[in-house]
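Presented below is the structure to which this report refers.
The values are calculated or read from the model by the stated rules, or taken from the named source; none is laboratory data. Model, not experiment: these values are computed from the prediction. Heads up, the Cβs are rebuilt from the backbone with ideal geometry, glycines too, and the neighbour counts pull from every protein chain shown. We work out accessible area using only protein heavy atoms, side chains counted, and drop any ligands, DNA or RNA first. Shrake-Rupley method; radii C 1.70, N 1.55, O 1.52, S 1.80 Å.
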Amino acid sequence: MSTTTDAARLHQRVAAADWTQLAEELDTYGCALTPRLLTPAQCARVAGLYERDEQFRSTIDMARHRFGSGQYRYFTHDLPEPVAELRAALYPRLLTIARDWAERLGRPAPWPDSLEKWLAMCHEAGQGRSAQILLRYGPGDWNALHRDVFGDMLFPLQVVIGLDAYGTDYTGGEFLLVEQRPRAQSRGTTTVLRQGHGLIFTTRDRPVATKRGWSAGVMRHGVSTVRSGRRHALGLVFHDAT
């Protein structure tokens, strides 16, 4: 169980990241890797929650739904620490980037300063289910390219945290991000998700500069095939689901 000191340290780690650089990488690639946010011990505790049925509202078998292969579980709204603390610490940092993107794309920016107020707006619009997930992949598992859009109330950025050590606990399973480019071939980016580090990425699209101004570059994400071992990841989404 996390302590008050643990929570404070987590907020400090988030605050200590170079958010100017992260914003620049998001502009360029649609994703950006943070410094370590969770210790190996914290990662192990979060991954161990997978076996605790009471923590989750539902379990998804990806092969059954033709999403790929592997499994993930949606947390209930009673989020354990440090999951809740991570989400609370990241929201205001991501909010600045989200508002900047919305301005460039000429879109509304409905997100208030408070995560609690934003989630209340989601619930009022009929999006009342927790969208936070814990993912588990084994050898041969993978995740098809997709976007996590659960309704009209959408936050444009999300974060996935690696919970296992790449190259030691598992191999393969790199994070994939593919951008659809108008009148051109799609462009792909791969990222190794290091233990305890967060990868910020776009939920739907990102601003792309064109001769006529800013346009939306459509992006999808997924996970390459795990070659060996077991890969856990924590997915933090900043809007709730229908």
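Worth pointing out:
- Within the shell defined by Cβ-Cβ distances under 11 Å, the residues around Val178 carry a net charge of +3, with Lys and Arg each +1 and Asp and Glu each -1.
- Share of carbon and sulfur in the accessible heavy-atom surface of the range 6-237 [1.4 Å probe, %]: 48
- A 1.4 Å probe run over the range 85-174, with the rest of the protein chains in place, finds 42 Å² accessible per residue.
- Local electrostatic count, Trp214, Cβ distance below 13 Å [Lys/Arg +1, Asp/Glu -1]: +1
- GNM on the chain, alpha-carbon springs under 10 angstrom: the most fluctuating residue among Arg231, Arg52, Arg187 is Arg52.
- Residue with peak Gaussian network fluctuation, the chain [Cα springs, cutoff 10 Å], from Ala23, Ala63, Ala131: Ala63
- If you run the Gaussian network model on the chain, springs between alpha carbon atoms under 10 Å, then out of Pro139, Pro108, Pro156 the most flexible one is Pro108.
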